[in-house]
Amino acid sequence: MEAKKISHDIYMNKALSLASRGLRRTSPNPMVGCVIVKDGKIIGEGWHHECGYPHAEIEALNDAKAHNHDVRGSTVYVTLEPCSHYGKTPPCANRLVEEGVSEVVVAMRDPNPKVNSKGINILRDAGIKLTELEGEINARAKWLNRGFVFVHKYHRPFITLKAAMSLDGKMCLDNGSSKWLTGIEARTKAHELRASNDALLVGVGTILSDDPELTVRHVAGINPLRVVLDRQHRTPKNAKVRNDDNYVILDCDIKSALEELVKRGVLTLMVEGGPEVLSTFLREGFADYVNLFYAPKILGEGKGFNLGMGFDSVSEAFGVNYVKFTQLGQDILVEGRLTCSPDL
Ligand SMILES: NC(=O)c1ccc[n+]([C@@H]2O[C@H](COP(=O)([O-])OP(=O)(O)OC[C@H]3O[C@@H](n4cnc5c(N)ncnc54)[C@H](OP(=O)(O)O)[C@@H]3O)[C@@H](O)[C@H]2O)c1
Ligand SMILES: [Zn+2]
């Protein structure tokens, strides 16, 4: 029994690492990986490459067949419950039944109500042995697809707040000056974070004072959608954020802005500033994760991302779980999951 669990974990880890190759390419679909095992050997591997392309299970079945393997009687490891609905492709659950596989192991159920449990039921009804993994591997599968889970469960993207600040928590001086607070290592890391989100958001205050490009430059990666919250249409015509068509300027409240982003297929959003917008996201609880860069400087008077916030006791304050610290040159990145964020 224990040996079986270990092999489940090994194959599912492999499937999860295949799934992660789809990062930023599959949205609004989830990242999914699949490994097909027969007689103790992997005979097929696949992942969902891009929205509109075949699902991971189909890729893995095709891979097995391309190498002349017979998939009948095999065990299929798939990171997400196989789909049961006719979308851009026919349902994978039905296809697995037709192919005559014996067992399907899944790391998590599909949070999409169109699928949830239906894929699993199709497989069970057809007499296929179904194993759902729990614990750490289930948590990792959900974490990989946190944006997809949030959009289906909470109808909003998974939101990361990112800020660079001094040791005394100031993102800029009172006169608006903030360039360059952190060093090149921290800024490179910030570009890596950009590349892993579907959209980046700032307020018009940041556009007016910094005119940021909001693109991925220090590392290789796909540019996210650029989003500006600007209720009085103050974004200049020649602002760098308008350099190509991959941007949207919204003049609504945060809730409607998030709904609009979901409509545009955004699963993960990073809010990059400035202090007013970050504070509003945090105060209203639209905040799931923080990436806080601290530079070894003391700015004195200035703005942080906690404007208008106050608690009567420390026990009421927002907390951060799963905290991680990384030194980047002279700066420190503190990151973790905000306690105000709902469960995955
Ligand atoms: N260190 C860092 O990480 C960092 C990052 C970014 C910016 N900054 C600095 O921050 C300063 C700009 O600060 P800021 O607070 O003015 O920038 P901001 O938060 O980017 O922009 C604030 C503006 O956004 C608009 N807005 C639209 N919807 C909003 C909402 N729901 N909640 C709050 N604001 C909303 C408001 O203008 P309307 O009412 O007209 O819409 C508001 O004046 C600059 O000095 C910049 O250099 C620092
Ligand atoms: Zn499918």
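List of remarks:
- Look at segment 261-278: where a residue is in a loop (DSSP other than H, G, I, E, B) and a partner is more than 6 Å from ligand 1 (Cβ to nearest atom) and β-branched (Val, Ile, Thr), sitting 6+ places away or on another chain with Cβ atoms under 6 Å, you get 267/151.
- Among the residues listed as 248, 202, 219, the single one being under 20 Å from residue 291 (Cβ atoms), of a type in the set (A, V, I, L, M), surrounded by fewer than 20 Cβ atoms within 10 Å (Cβ to Cβ) and touching an Asp or Glu at 6+ places or on another chain (Cβ under 8 Å): 219
So that you can scan it fast, the table gives a plain yes or no per residue for (1) away from ligand 1 (no atom under 13 Å from the Cβ); (2) farther than 21 Å from residue 156 by Cβ; (3) in a loop (DSSP other than H, G, I, E, B):
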| residue | (1), (2), (3) |
| --- | --- |
| 179 | no, yes, yes |
| 182 | no, yes, yes |
| 187 | no, yes, no |
| 193 | no, no, no |
| 197 | yes, no, yes |
| 200 | no, no, no |
| 209 | no, yes, no |
| 214 | no, no, yes |
| 235 | no, yes, yes |
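- Qualifying residue in segment 279-299 (condition: of a type in the set (Lys, Arg), within 13 Å of ligand 1 (Cβ to nearest atom) and in contact (Cβ under 8 Å) with a residue 40 or more places away in the chain): yes
- Contact annotation: no residue pair with Cβ atoms under 8 Å, 6 or more positions apart or on different chains, pairs a residue in segment 63-92 that is under 20 Å from residue 20 (Cα atoms) and free of Cβ contacts under 8 Å to residues at least 24 places away in the same chain with a partner that is part of a loop (DSSP other than H, G, I, E, B) and not acidic (Asp, Glu).
- Residue tally, condition closer than 19 Å to residue 10 by Cβ, within 28 Å of the chain's Cα centre (by Cα) and not aliphatic (A, V, I, L, M), over segment 58-85: 3
- Residue within segment 322-331 that is over 26 Å from the mean Cα position of the chain (by Cα), hydrophobic (A, V, I, L, M, F, W, C) and surrounded by 11 or more Cβ atoms within 10 Å (Cβ to Cβ) present: no
- Residue within segment 218-225 that is in a helix (DSSP H, G or I), among the aliphatic types (A, V, I, L, M) and out of contact with any Leu (no Cβ under 6 Å at 6 or more places or on another chain) present: no
- Being surrounded by 21 or more Cβ atoms within 10 Å (Cβ to Cβ) and either on the phi > 0 side of the Ramachandran plot or among the hydroxyl-bearing types (Ser, Thr, Tyr) (or both) is not true of residue 209.
- Scanning segment 93-109 for residues that are closer than 24 Å to residue 157 by Cα and either within 16 Å of ligand 1 (Cβ to nearest atom) or in contact (Cβ under 8 Å) with a residue 40 or more places away in the chain (or both) returns a single hit, 107.
- For residue 97, the stated conditions do not hold, so it cannot be described as of a type in the set (Val, Ile, Thr) and within 24 Å of the chain's Cα centre (by Cα).
- Restricting attention to segment 146-170, the residues being of a type in the set (A, V, I, L, M, F, W, C), in a loop (DSSP other than H, G, I, E, B) and either buried (at least 21 other Cβ atoms within 10 Å of the Cβ) or within 16 Å of ligand 2 (Cβ to nearest atom) (or both) number 0.
- All conditions in (1) of a type in the set (D, E, K, R); (2) over 16 Å from residue 341 (Cβ atoms); (3) at pLDDT 95 or above hold for residue 301, with the sole exception of (3).
- Segment 220-243 residues that are under 18 Å from residue 27 (Cβ atoms), paired with ones that are crowded, with 16+ Cβ neighbours inside 10 Å and among the acidic types (Asp, Glu) (beta carbon under 7 Å, 6 or more apart): 224/198; 225/198
The values are calculated or read from the model by the stated rules, or taken from the named source; none is laboratory data. In this text, all values refer to a predicted model and were calculated from it rather than measured experimentally. We place every Cβ from the backbone using ideal geometry, glycine too, and count neighbours over all the protein chains shown.
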